[in-house]
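K.L.:
I'd like to ask you about the structure that follows.
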Amino acid sequence: MEKKLSLSQQVAEVGANLKFEDLPDVVVENSKKFILDLLGNLLASKHIESTQIMVDTVKSMGGCESSTVVGFRYKTSPMLAALANGTMGHAFDMDDDHREGTQHSSVVVLPAVLAAAEAHNKSGKDVLLGFVYGSEITIRLGEAFEGQTYYQGFHPTGTCGVFGAAGGVAKTLGMDAHDITNALGIAISSSAGTLEWKAQGTWTKRLQAGHPAMCGVISAELASRGYTGPITVWDGQDGFLRAYSYKDIWDESRVVDEFGKRWEMADTSIKVHACCRFSAPLADCALDLYHRGVDYRNVEKIHAKVNKYSIKVLTIPEETKADPKTVVDAQFSLPFAIACGMVKGHETIADFTNETIRDPEVLALAKKVTWELDPEAEKVYPKYYPCTVEVTMKDGSLVTAHVDYPKGDPENPVTWDEAVEKFRFMSGHHIGSVEQDRIIELVANLEKLEHISELMELLY
């Protein structure tokens with residue numbers, strides 16, 4: 001009897017045989033949107049403090065000059081470039097996400113793939129293949145936990161992301177199934193990231209995108225030289241799925257069912273608000289109320305109805321949510337998301353700075369917000385995250401907004417033109433329109449690039 005392949009072996013077999021021509025057009029075109037979107041996030045973060053510290057630290061570590069740290073006219077080793085770019089790309093929490101995977105995949109996978117591709121002189125097709133394959137791994141591992149690993153305290157962008165980065169780099173470098181399996185097995189030793197960053201509104205969530213990107217590069221490079229890792233890395237007795245699950249809730253079929261035929265990563269959402277993905281429907285409700293002419297100055301109270309995890313991540317600790325002390329506090333605040341949208345009519349990166357989060361009108365309105373668990377919203381989590389916002393006016397009237405699919409979700413997608421507009425906004429303070437035009441053109445035709453260095457030179 002033929003021995004059944006482990007989960008990672010099955011995924012590695014698909015990866016080794018995957019060709020660019022196997023990718024559906026929708027996967028390729030969506031991938032280009034996600035890539036352009038992340039490049040905008042990278043460029044936008046150039047001048048913020050956490051980015052400056054990260055880049056200064058990477059520079060102090062040296063490294064061969066082979067891979068670009070975006071926007072800093074600096075090259076270093078692939079692993080350090082992936083570390084810096086992954087951390088930078090997550091700074092505004094405005095990079096794309098996958099709701100059923102409950103994580104950000106591109107910000108981990110793409111920095112690793114770009115760093116390796118530039119160092120090894122790979123093509124645009126190589127980058128797209130590695131990015132698609134690595135993203136699929138990350139997202140499917142997240143889906144396997146059915147949205148529950150959060151309750152164990154894990155941050156799946158970090159814990160799942162390192163496998164996608166390792167697989168993505170391995171595919172970009174053209175490794176065979178044996179070596180891809182080892183790369184995935186090695187990556188378990190670097191699978192890390194908890195949610196404790198939110199307790200004091202710290203920056204470690206950003207690092208939990210850069211760290212797995214770096215470790216994915218290391219895992220793939222080790223495997224390419226013969227270093228070994230367990231083939232039962234995901235489904236073994238002490239494997240990833242059991243070890244990182246909440247109350248032993250996981251479904252391993254989500255990892256491999258139709259892998260390479262049905263592309264989950266194509267349903268990734270592009271964010272239009274500079275705050276947590278769980279805040280997105282709240283922000284959309286707030287903007288709906290703003291555009292319907294609801295005057296926040298005449299509001300008596302606001303009540304939100306959401307799923308259970310939204311309450312956990314966006315309302316605890318309660319003392320820093322209506323009165324955020326840091327940008328991260330505000331990014332992960334249910335009352336702030338509603339108040340900012342109703343007062344300002346937008347939630348851009350300019351609304352989430354050390355100065356703007358102290359806007360007295362926003363803070364005053366945030367203190368009027370309460371919340372409760374909506375059983376109907378909980379029933380559909382994590383397939384989607386609906387919410388309802390009820391506003392009681394001072395004259396006693398009630399105004400309600402409801403959102404099932406916020407802007408950017410597959411059911412309410414960001415178009416290519418809208419992605420271009422966001423890229424121009426995010427990168428406009430750091431590069432000129434000529435450079436923007438050329439980056440957009442190259443990403444739109446990425447599969448035609450013989451060498452990825454042509455794009456990286458513009459990001460240098």
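K.L.:
Tell me, which residue of the range 1-58 that is open to solvent by less than 30 Å² (accessible area, probe 1.4 Å) and in a loop (DSSP other than H, G, I, E, B) is nearest to Leu458 (Cα to Cα)?
P.N.:
Ser45
K.L.:
May I ask you to list the residues in the range 321-342 that are part of a helix (DSSP H, G or I) and surrounded by fewer than 23 Cβ atoms within 10 Å (Cβ to Cβ)?
P.N.:
The initial filter retains those residues of the range 321-342 that are part of a helix (DSSP H, G or I), namely 327-331, 334-342.
The answer is Asp329, and nothing else.
K.L.:
Could you please give the count of residues in the range 253-281 that are touching a Phe, Trp or Tyr at 6+ places or on another chain (Cβ under 8 Å) and either surrounded by fewer than 16 Cβ atoms within 10 Å (Cβ to Cβ) or farther than 24 Å from Gly193 by Cβ (or both)?
P.N.:
Residues in the range 253-281 being touching a Phe, Trp or Tyr at 6+ places or on another chain (Cβ under 8 Å) and either surrounded by fewer than 16 Cβ atoms within 10 Å (Cβ to Cβ) or farther than 24 Å from Gly193 by Cβ (or both): 1 in total.
K.L.:
Related question: Any residue in the range 426-447 that's basic (Lys, Arg): show its pairings with residues that are surrounded by fewer than 19 Cβ atoms within 10 Å (Cβ to Cβ) at Cβ separation under 6 Å, as long as the two are six or more apart or on different chains.
P.N.:
Between residues of the range 426-447 that are basic (Lys, Arg) and residues that are surrounded by fewer than 19 Cβ atoms within 10 Å (Cβ to Cβ), the close pairs are Arg438/Leu458.
K.L.:
If Ala223 satisfies every condition in (1) touching a Ser or Thr at 6+ places or on another chain (Cβ under 7 Å); (2) among the aliphatic types (A, V, I, L, M); (3) within 20 Å of Val108 (Cβ to Cβ) but one, which is the exception?
P.N.:
(1)
K.L.:
Could you please give the count of residues in the range 88-139 that are in a helix (DSSP H, G or I), within 21 Å of Ser45 (Cβ to Cβ) and open to solvent by 10 Å² or more (accessible area, probe 1.4 Å)?
P.N.:
Summing the residues that are in a helix (DSSP H, G or I), within 21 Å of Ser45 (Cβ to Cβ) and open to solvent by 10 Å² or more (accessible area, probe 1.4 Å) in the range 88-139 gives 2.
K.L.:
Can you tell me which of Asp288, Asp284 is surrounded by fewer than 22 Cβ atoms within 10 Å (Cβ to Cβ), modelled with pLDDT of 95 or more, in a helix (DSSP H, G or I) and touching a strand residue (DSSP E or B) at 6+ places or on another chain (Cβ under 6 Å)?
P.N.:
Asp288
K.L.:
Return the residues of the range 74-83 that are surrounded by fewer than 24 Cβ atoms within 10 Å (Cβ to Cβ) and either assigned to a strand (DSSP E or B) or modelled with pLDDT under 95 (or both); say none if nothing qualifies.
P.N.:
Result: Tyr74, Lys75.
K.L.:
Kindly establish whether Trp234 is among the aromatic types (Phe, Trp, Tyr) and open to solvent by 10 Å² or more (accessible area, probe 1.4 Å). Reasoning before the result, please.
P.N.:
Values: among the aromatic types (Phe, Trp, Tyr): yes; open to solvent by 10 Å² or more (accessible area, probe 1.4 Å): no.
Against the criterion (among the aromatic types (Phe, Trp, Tyr) and open to solvent by 10 Å² or more (accessible area, probe 1.4 Å)), Trp234 does not qualify.
The values are calculated or read from the model by the stated rules, or taken from the named source; none is laboratory data. Values in this document were obtained by computation on a predicted structure and should not be read as measured data. Virtual Cβ from ideal backbone geometry, glycine too; neighbours counted across all protein chains shown. The protein model used for the area step is the full one, side chains on, heavy atoms only, and it has no ligands, DNA or RNA in it. Shrake-Rupley method; radii C 1.70, N 1.55, O 1.52, S 1.80 Å.
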